[in-house]
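Student: Shown below is the structure under consideration.
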Amino acid sequence: MVERSRIKYNPVTREIEIEGSEEFIREYFDRVQELVKREVPEVKERKRVRKTSKTAARGSGRKPRKEKAAASTKGVKAKVMDLITKAGAEGISSIALQEKTGLSARQIWSVIYRAEKAGKIVKEKRGVYRLA
């Protein structure tokens, strides 16, 4: 019968597993331990510091992203709603809103969708909107 001997090393847990005869274990255990100590230095775990938008903003003097995005959304909504209000009973088309505000179609449609859902504006006909 042939006896199998083996050495396993797990660098994460730093565990050494040696299987075999007593002679094999006595002969190789100390050698393996010395190799591991020399070749694989102790890895110190670093603390992970996760920056939130507030901590990032404090250092740079900028507003956190959410506040900045909300401020720009309010401006877009105000522009669009102001033009719809000025248009009166005949309403204004989404294309005219794009031309007058310089906003993208997606921005215009987003504002219109939300205002329509809230009941502030009404679709007069396809692409034309007026105050409710």
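Student: At pLDDT 80 or above, more than 30 Å from Glu3 (Cα to Cα) and surrounded by 15 or more Cβ atoms within 10 Å (Cβ to Cβ): which single residue out of Val122, Val128 fits that description?
Tutor: Val128
Student: Would you check if Pro64 is of a type outside the set (Gly, Ala, Ser), in contact with a Ser or Thr (Cβ under 6 Å, 6 or more places away or on another chain) and either closer than 30 Å to Arg130 by Cα or modelled with pLDDT under 80 (or both)?
Tutor: Answer is yes for this residue.
Student: Quick one: what pairs do we get from region 92-110, first residue farther than 19 Å from Lys120 by Cα, second part of a helix (DSSP H, G or I) and among the basic types (Lys, Arg), C-beta under 7 Å, 6+ apart or different chains?
Tutor: Thr101/Lys79
Student: Return the only residue of Glu116, Glu99 being surrounded by 14 or more Cβ atoms within 10 Å (Cβ to Cβ) and acidic (Asp, Glu).
Tutor: Testing whether each residue is surrounded by 14 or more Cβ atoms within 10 Å (Cβ to Cβ) and acidic (Asp, Glu) leaves just Glu116.
The values are calculated or read from the model by the stated rules, or taken from the named source; none is laboratory data. This is a predicted model, so every value here is computed, not measured. Every residue, glycine as well, gets a Cβ built from its backbone with ideal geometry; the counts of neighbours run over all protein chains shown.
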